[in-house]
Amino acid sequence: MSTASPLPSSDSPETGTARVKRGMAEQLKGGVIMDVVTPDQAKIAEDAGAVAVMALERVPADIRRDGGVARMSDPDMIDGIIKAVSIPVMAKSRIGHFVEAQVLQALGVDYIDESEVLTPADEVNHSDKWAFTTPFVCGATNLGEALRRIAEGAAMIRSKGEAGTGNVVEAVRHMRQIRSEIRRLTTLDDTELYAAAKELRAPYELVKEVATLGKLPVVLFSAGGVATPADAALMMQLGAEGVFVGSGIFKSGDPAKRAAAVVKATTFYDDPDVIAKVSRGLGEAMVGINCDELPESQRYANRGW
Amino acid sequence: MSATPVIGVLALQGDVREHSAALAAAGASVVPVRRVGELAGVDALVLPGGESTTMSNLAVAFGLLEPLRERIAAGMPAYGSCAGMIMLADKILDGRDDQETIGGIDMIVRRNAFGRQNDSFEAPVDLAGVDGGPVHGVFIRAPWVESVGARAEVLARVGSGPAEGRVVAVRQGPLLATSFHPELTGDHRVHRLFVEMVRSR
């Protein structure tokens, strides 16, 4: 986050500030956030060294298989996961479904993912995330999308990838896109930044801030398609500050072992010897889907605008 | 100690970049530490904010825990914020059953004591040993110090609100710990205090 933002002057404790929301994501850096659908899976994730878990009813691979409308999870199920672990618990709301987000805040989740993996509730507007105490993470396929989400109050961004495919190709595409657009901004002069803001369809102030910092003003994680320790390390070497793993863990042959291996490979993302060592004997990876074969209607990354 | 001490930041997980920037601004030469060999080259160590159970897990898995304990026992200065405070506590409450700490400060620290993320807050903190008015305390799912032993000195307590009076900063010799995150504020006074502690060894 920007260290130049002014400090509040109030003497009494303030909750829900941009600093504590963005600061929470800073504490997750270098870590792995795992999708879990039961308290037992949450414990496996925590045992493996996950920095947080994402509580949801079905992992994206099952949402793809089952079809139908995918919604916020049952509050009892989220409560069960909150009780099972001591690490932060995130949960997903549908895009634009601010009442689901209100419910998640009331349940006391630590982060809300306004997620394209669920069926969108509003095809024009995302939720106004400034209205919440609980921080939000949102997906993005490019820099303009990331900055629009930040303008709406997102305190953390994840590249979207293509969830539930076990195929890292879209995660790579989106991370490269965001990072290269950031690099390009740093080469522009002040006059050109106005035109860049127009092209990006993003507020000029945020565009200027990114150009100055050389990074987003919030933490950038990768998501959508990570299935192996090497996938996680790849995303880290491409500039992700941490990794979400969805179906890749619990749709594999040995979730506990694979989860621990992905955690270690994320910390030692630049050390091929460690990645080689942890990649041995993991059993079957999730089968995966070729993204070229996905019909447009099944591409979650196209949801959100 | 040289004018520019070499200070490592434990880089298993967490807000390593913010601590590194604050230490550099406070006059230290900064290196990340993930391996036993890297620990040998530093004069002092910062334990960043992050998820303490993850740090504990990785420190054990990569054989760092005992070397860290040996360096601390041998008098290496260390500063921990939030999860780092937990790592420096001799005893913790509300941790995982298998959660290891490095230890060093004679204190009992309660993990996530202030509550979940919705309870995370900012408030001014009067910190003994730091001039120029209160520091800005950023508390994120923060721990507090339940009690301190005779050798540890309380530097700060929460000034107001529901947790008024709780201990949130402690020093014991060359070891410093805060519940809050000065690395997120752009105010480098706490890191300057630590760099001075390292220089004066």
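The values are calculated or read from the model by the stated rules, or taken from the named source; none is laboratory data. It should be emphasised that the depicted structure is a prediction, and the values quoted were computed from it without experimental measurement. Reconstructed Cβ throughout: ideal geometry from the backbone, glycine too, with neighbour counts over all protein chains shown. These area figures cover heavy atoms from the full protein model, side chains too; ligands, DNA and RNA do not enter into them. Shrake-Rupley method; radii C 1.70, N 1.55, O 1.52, S 1.80 Å.
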**Study point:** Of residues in the range B:3-25 being open to solvent by 10 Å² or more (accessible area, probe 1.4 Å) and touching a residue at least 60 places away in the same chain (Cβ under 8 Å), the one farthest from the other protein chains (Cβ to nearest Cβ)
**Key:** B:A3
Check your understanding: What about B:V42, is it more than 13 Å from chain A (Cβ to nearest Cβ) and touching a Ser or Thr at 6+ places or on another chain (Cβ under 8 Å)?
Key -> no
Review point. Taking B:P48 and the conditions (1) within 11 Å of chain A (Cβ to nearest Cβ); (2) surrounded by fewer than 18 Cβ atoms within 10 Å (Cβ to Cβ), which numbered condition does it fall short on, given that it satisfies the others?
Key: (2)
Exercise for review: Go through (1) more than 10 Å from every other protein chain (Cβ to nearest Cβ); (2) free of Cβ contacts under 8 Å to residues at least 24 places away in the same chain; (3) not polar (S, T, N, Q) one by one and return the number of the condition B:A61 breaks.
Suggested key: (1)
**Study point:** Given (1) of a type outside the set (D, E, K, R); (2) touching a residue at least 60 places away in the same chain (Cβ under 8 Å); (3) under 27 Å from A:I87 (Cβ atoms); (4) not in a loop (DSSP other than H, G, I, E, B), index of the condition B:V198 fails
**Key:** (3)
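If you check A:A211 against the conditions, is it hydrophobic (A, V, I, L, M, F, W, C), part of a helix (DSSP H, G or I) and open to solvent by 10 Å² or more (accessible area, probe 1.4 Å)?
Criteria met by A:A211.
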Exercise for review: Could you tell me whether the range A:241-259 includes any residue that is within 17 Å of A:A61 (Cβ to Cβ), open to solvent by 10 Å² or more (accessible area, probe 1.4 Å) and in contact with a Phe, Trp or Tyr (Cβ under 8 Å, 6 or more places away or on another chain)?
Suggested key: yes
Review point. Within the bounds of the range B:144-155, is there any residue that is surrounded by fewer than 24 Cβ atoms within 10 Å (Cβ to Cβ), touching an Asp or Glu at 6+ places or on another chain (Cβ under 9 Å) and within 23 Å of A:G49 (Cα to Cα)?
Key: no
Review point. When you look at A:A202, is it at pLDDT 95 or above and crowded, with 17+ Cβ neighbours inside 10 Å, yes or no?
Key: yes
Check your understanding: Condition test on B:R192, is it under 16 Å from the mean Cα position of the chain (by Cα), of a type in the set (K, R) and within 11 Å of chain A (Cβ to nearest Cβ)?
Key -> no
Review point. Got a number for residues in the range B:87-98 being open to solvent by 20 Å² or more (accessible area, probe 1.4 Å) and either under 18 Å from A:S86 (Cα atoms) or at the interface with another protein chain (Cβ under 9 Å from one of its Cβ atoms) (or both)?
Key: 8
Study note, to complete from the structure: Going through the range A:25-54 in order, the residues found to be open to solvent by less than 10 Å² (accessible area, probe 1.4 Å), farther than 19 Å from B:R96 by Cβ and either of a type in the set (F, W, Y) or at the interface with another protein chain (Cβ under 7 Å from one of its Cβ atoms) (or both) are A:E26
Practice item. For A:I33, work out the one condition from (1) outside any loop (DSSP other than H, G, I, E, B); (2) farther than 18 Å from A:A265 by Cα; (3) not charged (D, E, K, R) it doesn't fulfil. Key: (2)
Review point. In the range A:130-151, which residues are within 14 Å of chain B (Cβ to nearest Cβ), over 21 Å from A:I63 (Cβ atoms) and either modelled with pLDDT under 95 or buried (at least 22 other Cβ atoms within 10 Å of the Cβ) (or both)?
Key: A:T134, A:P135
Point to revise | 2 or more residues more than 11 Å from every other protein chain (Cβ to nearest Cβ): qualifying strands (runs of 3 or more DSSP E) within the range B:100-160 | key: B:105-110, B:144-148, B:153-157
